[in-house]
């Protein structure tokens, strides 16, 4: 494992992102929607340094494989309820955005509820892996290497508790 974003780098970047988010929202309430499970540590650190009023919501993603007779296996993504967000300022928070498919899907889902504003914040943006055009308003770091663990990110259920983000080779076992 090789550390790519240290605890100090993360802390500084999260504070800078919080400054931008706080400036953009002023004294208006921001409804922060955190995507569990990878984003929970980033979310908790981010909201603690926001200066604007915050209401937290959480969404759990669940990938469900389904196969209909005569068709390919499909991967459906299900989300928990988010509550009433119409007319509210929404900040969608996740740890990493890769292909952008999931984040874009969530953006479209949230926009269908007619929020006042919708912005996105991610700790790590892997823009080089995008498969759909997906808007990221606040990005902590750009990354083009192998898989990342730590600071909420896991591999085989391990490493979420690390205070830094590290790279693990794609072929590495737990």
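What follows is calculated from the coordinates using simple rules that are stated; it is not laboratory data. Treat the numbers as computed from the prediction; the structure is a model and nothing was measured.
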- Mind checking Rg over Rh on the chain, alpha carbons, Kirkwood formula for Rh? 0.98
- Hey, what did region 121-166 get for relative contact order, percent, Cα under 8 Å, at least 6 apart? 30 percent
- Message: What is the distance in Å between the Cα centroid of region 120-136 and that of region 7-56?
- Response: 18 Å
- With a ≥ b ≥ c taken as the square roots of the eigenvalues of the C-alpha gyration tensor of region 93-174, please select rounded if a/c is under 1.5 and otherwise prolate if a/b is larger than b/c or oblate if it is not? prolate
- Query: Mind listing the Cα extents of region 119-162 along all three principal axes, in Å, largest one first?
  - Reply: 31, 20, 14
